[in-house]
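The values are calculated or read from the model by the stated rules, or taken from the named source; none is laboratory data. The shown structure was predicted, so the numbers you read here are calculated from the model rather than taken from an experiment. Reconstructed Cβ throughout: ideal geometry from the backbone, glycine too, with neighbour counts over all protein chains shown.
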2 protein chains.
Amino acid sequence: MNNELNATHDPKLRSWVASANEAGCDFPIQNLPFGRFRPAGSGEPFRIGVAIGDQVLDLKATGLVHTDDMNVLMAKSPTERQTLRAAISAGLAEGSEQAPEWAKALLAQSAAEMTVPCRIGDYTDFYTSVHHATTVGKQFRPDNPLLPNYKWVPIGYHGRVSSIGVSGQRFKRPQGQTKAPDAATPSFGPSKRLDYELELGFLVAQGNALGEPIAIAEAEAHLFGVTLLNDWSARDIQAWEYQPLGPFLSKNFASTLSPW
Amino acid sequence: MNNELNATHDPKLRSWVASANEAGCDFPIQNLPFGRFRPAGSGEPFRIGVAIGDQVLDLKATGLVHTDDMNVLMAKSPTERQTLRAAISAGLAEGSEQAPEWAKALLAQSAAEMTVPCRIGDYTDFYTSVHHATTVGKQFRPDNPLLPNYKWVPIGYHGRVSSIGVSGQRFKRPQGQTKAPDAATPSFGPSKRLDYELELGFLVAQGNALGEPIAIAEAEAHLFGVTLLNDWSARDIQAWEYQPLGPFLSKNFASTLSPW
């Protein structure tokens, strides 16, 4: 963890939430990811929380935010977001005056139901690992896995936003057309080669005007957060459908995003 | 025009809006498309209107709708939508009692500014014309324009929703990488082969639960309307980037939709 980012990443920080100080904890005080949660089974509207140890801190209950809409937080300037993070860190740190009050705003993560963290407008999947591109390329083009453009231009495609869900959810095995190399015609049925790819997701908070490029040096200011993403793929359907316009039905049945 | 759909398509119908009865008019009373408009230059919120002759009828002013949000109309049942259309048709027909009141709710289309008619969640572009697919395919694969899957499976890709605009708007010529067949490396610059395709757009009003198919016989009930779409393409950028994941930067700089 890079403690040069700012004081909230200082490895020496400890929290009054005891589980956050345990070795190997995913959510020490140096890592304070946002998510949307509600008490499991409550049917309440989802609200914004921050993971700390094995707990989730209800941000509205702390008085630090006044919305349940993550996109409202995402629309804030980088400075406002850093100020919010600093306040969350200070309130969760050992010796914080807010500890007695904020302790009431904690819910065990095991008792929380999570959802997709924000409304996603567009979703682009990039093909950025040369090792992965070579491995997958061999499945479709054994003699020619890496195409000539790969090392020059970003290779990506738009995904289907409406089928993005949250990690852990169940979905149906997709059905579709496949064609065996020796078959004269394709056949229809459930995918027999369901696959997943662990990817890194970037949540872009603030866009740009259409046609106005963002300089690389300014890119980070547009980034709200990083998540994990499972890119589910029906490889047998993909192999038959993907030329010339790319993956489509083989990918759009589900993508799942980590809740934090 | 199919007058068996319902009485609003009867070719004998005439409107008290005189321009709607002129030969060759795009918007006779048999064609009552929805759009979102405001008086040009007013900066007012866009509201829902229906084209009639060379005019636009403000639907909220007629008392028939109570929203400026097309997606609210789209969420109504087919029966509710048919009832609304019948009421608009009756009010615009010759001899209608509403004529004096509704005449005040008309604005000349030449004095109206139009916008994208609704919020679009996902956008899929299908490659459904065998003649077009053969013509475009020849540009990229002269010896093999139509791939083996073409006549079997829907060939499509997801487009970028955030760059869908309204017909007539201006946008910047896209820049990107291109590679001449005889060049050792690609180069960067403005597209030299900007192209457009006239397509038919279908606005799907009501979706389905993830993984639940819609039977073909039920498809029409999910359709809200039909528009024209210009699928702008930078063919030189597309030729270099499109393998293996399909068109991306070569398409996502703009798509334009007819306002009605």
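Figures for the structure shown
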{"item": "Test result for A:Asp195, out of contact with any strand residue (DSSP E or B) (no Cβ under 8 Å at 6 or more places or on another chain) and either within 23 Å of A:Ala51 (Cβ to Cβ) or not hydrophobic (A, V, I, L, M, F, W, C) (or both)", "result": "no"}
{"item": "Of residues in region A:228-247 being polar (S, T, N, Q) and under 23 Å from the mean Cα position of the chain (by Cα), the one farthest from A:Pro117 (Cα to Cα)", "result": "A:Ser233"}
{"item": "Selected residue (criterion: nearest to B:Leu249 (Cα to Cα)) from residues of region B:170-215 that are in contact (Cβ under 8 Å) with a residue 60 or more places away in the chain and polar (S, T, N, Q)", "result": "B:Gln177"}
{"item": "From the options A:Thr79, A:Thr62, A:Thr83, residue that is of a type in the set (Ser, Thr, Tyr), surrounded by 17 or more Cβ atoms within 10 Å (Cβ to Cβ) and outside the structural domain of A:Phe202 (by TED's automatic domain parsing)", "result": "A:Thr62"}
{"item": "Answer residue from region B:113-151, given it is of a type in the set (Phe, Trp, Tyr) and surrounded by 15 or more Cβ atoms within 10 Å (Cβ to Cβ) and is farthest from A:Glu212 (Cα to Cα) among those", "result": "B:Tyr150"}
{"item": "Residue that is farthest from the other protein chains (Cβ to nearest Cβ) [pool: residues in region A:230-250 that are of a type in the set (S, T, N, Q) and within 19 Å of A:Pro174 (Cα to Cα)]", "result": "A:Asn230"}
